[in-house]
1. Could you pull out which residues in segment 242-261 have an amide N less than 17 Å from a spot 7 Å beyond the Cα of residue 331, following the Cα-Cβ vector?
2. By per-residue mean of other Cβ atoms within 10 Å, what is the highest-first order of 308-314, 289-295?
3. May I have the extent of the alpha carbons of segment 186-356 along their three principal axes, as whole Å values ordered from largest to smallest?
4. Let's test the formula: R0 of 30 Å, r as the Cβ-Cβ distance of residue 295 and residue 344. What FRET efficiency results, to the nearest 0.05?
5. Given bins 5 angstrom wide, list per bin the percent of all Cα-Cα distances in segment 309-357, short to long.
6. What's the extension gain from residue 91 to residue 61 if we count 0.36 nm per residue and subtract their Cα-Cα distance?
7. Between residue 286 and residue 79, what is the label-point separation in nm under the 7 Å Cα-to-beta-carbon projection?
Amino acid sequence: MLHPVLSPSARQGPFALRAVQRATWVWGLITWVGQVAAQPDAAGASKGARLQFGGAPCADRAELQRSVRRRSERVHWTDGDRTDDTLVAVDITPADLSQPWRATLQFSGGGQPPLVRALAADDCRTVIDAAALVIAITLDPPSVSEPVSDPPEPGPVVPPVVPGREPPAVVFPESDWELPVPPRSSEWNLGLGAVWTGGMAPGGGFGPVLLGSAAVAGGRFAAWRPALQGALQYVIRDGVRADLGVAHFRLSAGSLELCPARWGTADWTVGGCLLAVGGALQVRGDDTLEPESHTRPWAVVGASLAADVRIHGPWRCLAKGAAGATVVRDTFRFEPEVVHAVPRWAPMFTLAVVHEL
């Protein structure tokens with residue numbers, strides 16, 4: 001029987017070729033690892049930056065810097081003028097009734113092309129946190145992380161159910177959490193103040209006024225928010241002297257105002273309204289031969305302009321000026337002397353303290 005005989009070169013050829021290929025691949029891998037290890041750690045390098053920030057109502061420059069550092073430890077802030085540092089300019093625009101809080105971020109220098117980012121949020125704290133996150137992502141993308149938050153509240157403790165017994169009650173751990181409050185669809189205000197009304201007597205009269213209003217909540221920053229306002233007033237003017245006697249005036253009236261829009265911020269607003277006033281004007285004579293008392297209708301149609309400023313919390317100070325045409329114009333006299341004639345126009349001014357309900 002013949003047996004094939006392999007020469008040493010024939011037996012070793014294929015295996016020697018594979019060994020050489022494997023050795024070459026392994027050596028290439030070692031060489032590549034060595035080159036990577038020899039290169040500087042770019043991701044671990046410190047990121048220098050300079051901050052230009054004038055501050056905001058809810059945060060200053062130092063707090064914004066700390067917020068960025070909580071998200072990236074490799075970002076360090078410098079105060080010099082080094083050209084290799086990135087200049088970060090942050091501009092915060094407060095909210096008004098038509099726009100939310102806005103932040104504009106401009107990145108320049110550091111060997112990178114200029115970059116601009118814009119943010120918007122419903123409150124100052126949120127826009128500051130968002131700006132800190134954008135700065136950290138822009139300066140150091142690989143290592144950005146959200147700040148560590150507190151662990152979640154423990155869930156309800158559910159005891160095991162034993163067959164044949166009534167299921168035990170579920171025990172919820174004590175917590176200070178609250179259910180989310182749904183957005184309001186309306187706004188209600190109630191106030192008390194003083195009013196001066198002209199035209200109802202010579203020199204006008206003063207008295208207390210009770211105000212109330214209901215407005216459609218068209219969003220925190222919406223300018224178009226129709227409102228309906230009402231007021232009750234009792235104005236007094238005593239001791240109007242004439243040659244033939246003394247007259248005393250009393251005005252009991254209510255007003256209704258339709259206000260289509262308001263402008264301003266969360267701390268102050270200005271708005272205009274259409275005004276209608278109706279009531280009764282009572283005039284009583286005194287110190288005369290035949291004293292009389294008369295009650296006549298009082299009606300005014302016009303417009304008003306109101307401004308309010310937040311004092312503290314839900315308390316606001318309201319100032320309102322109004323003027324309108326008198327619909328009923330009577331004349332009061334001690335015959336033949338005229339004591340008072342209702343003019344064509346009647347001005348009004350109100351100063352009150354209002355509480356948001």
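Computed from the coordinates by the stated procedures, all read-outs in this text should not be read as laboratory data. A quick note: this is a predicted structure, and the numbers were derived from the prediction, not measured. Heads up, the Cβs are rebuilt from the backbone with ideal geometry, glycines too, and the neighbour counts pull from every protein chain shown.
1. 243-244
2. In descending order of packing, they fall as 308-314, 289-295.
3. That works out to 63, 28, 19 Å along the principal axes.
4. Efficiency, from the Cβ-Cβ distance: 0.90.
5. Binned Cα distances yield the sequence 5, 16, 15, 12, 12, 11, 9, 8, 6, 4, 2, 0.
6. Computed gain between residue 91 and residue 61 is 9.7 nm.
7. So the label points at residue 79 and residue 286 sit 7.4 nm apart.
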